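Just below is one structure, and these are the notes that go with it.
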Amino acid sequence: EIKATRQEWREQEVIRIVFATLIDLLQLAAFLKSSAFQEEREWRLALPMSPERTPQVSPRRFRSGTTALIPYIEFNLSPSEGEPIPLTDLILGPGSEPDIAEAAAASFLRSERIQTAPRLSKVPFRPW
């Protein structure tokens, strides 16, 4: 009976270690991206999340994607209330309607009093 208990403990410990490693790898994955996007000099804010934990400060919101709901968290980038976001460059990712995307982004930037013009990425669009 004691041997069975030790074996069960070992199995549970292995499962715990594998699960912890998987969580670490998933958190790291948020920062990996193809070198084809290097010109965009994108930065990412990644927050550890799970279905059981919803942040208290900025609750999750959802928007509709092509095939599923996409969770997101609103995050204010303005230096202070009412000030425009200090954005110096905006590169639009590849898409099926680049002219429409560029016009919409330019309109949005003007509405937010952001003094920069959007430009299109050189990465080709792939409609998988």
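The values are calculated or read from the model by the stated rules, or taken from the named source; none is laboratory data. Keep in mind that this is a model prediction, so the values were computed, not measured. Cβ placement follows ideal geometry from the backbone for every residue including glycine, while neighbour counts extend to all protein chains displayed. Ligands, DNA and RNA are excluded from the accessible area calculation, which covers all protein heavy atoms including side chains. Shrake-Rupley method; radii C 1.70, N 1.55, O 1.52, S 1.80 Å.
Would you mind telling me which numbered condition in (1) open to solvent by less than 60 Å² (accessible area, probe 1.4 Å); (2) hydroxyl-bearing (Ser, Thr, Tyr); (3) touching a Phe, Trp or Tyr at 6+ places or on another chain (Cβ under 8 Å) THR116 fails?
(3)
Any chance you could count how many residues in the stretch 116-128 are more than 14 Å from ILE91 (Cα to Cα) and over 21 Å from the mean Cα position of the chain (by Cα)?
So the count comes out to 0.
Could you please tell me which pairs satisfy a Cβ distance under 8 Å, a separation of 6+ or placement on different chains, a first residue in the stretch 97-123 that is farther than 16 Å from PRO86 by Cβ, and a second residue that is open to solvent by 90 Å² or more (accessible area, probe 1.4 Å)?
Partner pairs satisfying both residue conditions: PRO98/PHE125; GLU102/ARG119.
For the stretch 70-100, name all the residues that are farther than 15 Å from ARG119 by Cα, in contact with a Lys or Arg (Cβ under 8 Å, 6 or more places away or on another chain), in a loop (DSSP other than H, G, I, E, B) and not aliphatic (A, V, I, L, M).
GLU74, PRO84
Within the stretch 39-61, is even one residue modelled with pLDDT of 85 or more, open to solvent by less than 60 Å² (accessible area, probe 1.4 Å) and at negative phi? Full working, then the answer.
Of the residues in the stretch 39-61, the ones modelled with pLDDT of 85 or more are 61.
Subset that is open to solvent by less than 60 Å² (accessible area, probe 1.4 Å): none.
Within the stretch 39-61, not a single residue is modelled with pLDDT of 85 or more, open to solvent by less than 60 Å² (accessible area, probe 1.4 Å) and at negative phi.
Report yes if ILE91 is open to solvent by less than 60 Å² (accessible area, probe 1.4 Å), among the β-branched types (Val, Ile, Thr) and at pLDDT 80 or above, otherwise no. Give the derivation first.
Values: open to solvent by less than 60 Å² (accessible area, probe 1.4 Å): yes; among the β-branched types (Val, Ile, Thr): yes; at pLDDT 80 or above: yes.
When the stated conditions are applied, ILE91 passes them.
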